[in-house]
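Every number in this text was worked out from the coordinates using simple rules, so none of it is lab data. From a predicted model like this one, the values you see are computed outputs, not experimental measurements. Here the Cβ is made from the backbone with ideal geometry for all residues, glycine too, and neighbour counts use every protein chain on show.
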Amino acid sequence: MSGKAPTLAHRLAVSPDVVFRELDGEAVLLDLERGAYFGLNTVGTRIWALIQERASLRAVLEALQAEYEAAPDVLERDLLGLAGRLCDKGLARVIDA
């Protein structure tokens with residue numbers, strides 16, 4: 001991963017080369033620069049939307065906790081895992097909140 005690993009104190013900036021398309025609650029991200037696709041399930045699609053709306057990953061986590069009946073540590077692990085994969089693939093980058 002280039003740069004910092006995402007933490008709840010960070011927010012993500014989406015790459016300007018990424019196109020997002022949603023269909024029936026799931027989504028695909030297309031990196032126009034690399035020509036690569038990245039699929040998101042329903043929860044991943046919601047996380048993507050929240051990443052673009054919220055100031056920090058902590059705020060994303062708080063929204064997820066309000067929407068999903070899952071253990072907070074599971075939501076945090078899944079959020080940071082997806083954030084890390086998005087950064088690894090160049091779809092987003094970590095910035096300070």
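Over its Cα atoms, what ratio of radius of gyration to 2.2 N^0.38 Å does the chain give?
Details: Rg = 12.6 Å, N = 97, 2.2 N^0.38 = 12.5 Å.
In units of the globular-protein estimate, the chain measures up at 1.01.
With +1 on each Lys and Arg Cβ and -1 on each Asp and Glu Cβ, and nothing else charged, work out how big the dipole of the chain is about its Cα centre, in Debye to the nearest 20.
Around 340 debye, computed over the chain.
Let me know the charge dipole size of segment 49-97 about its Cα centre in debye, to the nearest 20, where only the beta-carbon of Lys, Arg (+1) and Asp, Glu (-1) is charged.
Values: 6 positive and 9 negative charges, 58 e Å.
The dipole magnitude comes to about 280 debye.
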